[in-house]
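The values are calculated or read from the model by the stated rules, or taken from the named source; none is laboratory data. Only a predicted model underlies this, so the values are computations on that prediction, with no experimental measurement involved. A quick note on method: Cβ atoms are made from the backbone with ideal geometry, for glycine too, and the neighbour counts reach across all protein chains shown.
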Amino acid sequence: MKNSFRRITKRKLSRSIIANAGLELVKDKGFDSLTMKALADKLNVTPMAIYRHVSDKSDLINSVLDAFVCDVDVCNHEISNLDWKEWLRATYTNMYTSLKGMPSLHPYLGNAPRFGPNAMEVLSKILSVLRTAGFNQQQTINATSSLTGFMIGCSIMDTAFHQSLSKSQQNLYIPSTIDSGLDHIFTALSLELEANNKTKVVS
């Protein structure tokens, strides 16, 4: 993959190509390596050529983060979206695994404006699954916020814990914190859904 951008020219350069090149750079060396100069060298263009497609470093980071979301494709699993609990479990477990695999991304997770079109598409799918299951609008927003915050917290905490271990300890199986936590969240959500259904019957 190191030579995949060798033949890029200014005319062929695009925001998508820049984002994917940046993602490769980040995968290899972490987000600290993402500079305009390093990216320009990788693409064999000048830094000014990149500035024609991204406005500044923050905009570049946003585009790379959204390329990451597209790359990991967390909703790509075999679970039917009609089985809301298992669909959400698979989706959020995929998110967790992806974030643990790129710890240099963690500092950028709390900035909502960084949500690009790919991230918004994932969010839209999650909201749709919850709404189809029978949750009202506010419950859907609350559930998504709780699930996302919990998943991010688990990925950061488990990564930090794993990095604190010795190399021999890191090879041992250490259960993640996400599975049992998701069970508790789903139990609470199921109770809300039952209450919604009872209200519908009464009314």
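Pairs meeting the criteria (first residue in region 30-47 and on the phi < 0 side of the Ramachandran plot and surrounded by 14 or more Cβ atoms within 10 Å (Cβ to Cβ), second residue of a type in the set (A, V, I, L, M, F, W, C) and outside any helix (DSSP H, G or I), beta carbons under 8 Å, at least 6 apart or on different chains) are Lys42/Phe5; Leu43/Phe5; Leu43/Ile8; Leu43/Leu13; Val45/Ile8; Val45/Leu13.
Evaluate region 84-95: report whether one residue or more is in the same structural domain as Asp183 (by TED's automatic domain parsing), without any contact (Cβ under 8 Å) to a residue 40 or more places away in the chain and more than 15 Å from the chain's Cα centre (by Cα). Can you show your working first?
First pass over region 84-95, keeping only residues in the same structural domain as Asp183 (by TED's automatic domain parsing): 84-95.
Pick out the ones that are also without any contact (Cβ under 8 Å) to a residue 40 or more places away in the chain and you get 86, 90-91, 94.
The next check asks that each one be more than 15 Å from the chain's Cα centre (by Cα); those that pass are 86.
Looking through region 84-95, at least one residue is in the same structural domain as Asp183 (by TED's automatic domain parsing), without any contact (Cβ under 8 Å) to a residue 40 or more places away in the chain and more than 15 Å from the chain's Cα centre (by Cα).
When Glu86 is tested against (1) of a type outside the set (A, V, I, L, M, F, W, C); (2) touching a helix residue (DSSP H, G or I) at 6+ places or on another chain (Cβ under 6 Å); (3) modelled with pLDDT of 90 or more, only condition (2) is not met.
Against the numbered list (1) among the aliphatic types (A, V, I, L, M); (2) assigned to a helix (DSSP H, G or I); (3) in contact with a Lys or Arg (Cβ under 7 Å, 6 or more places away or on another chain), Ala19 comes up short only at (3).
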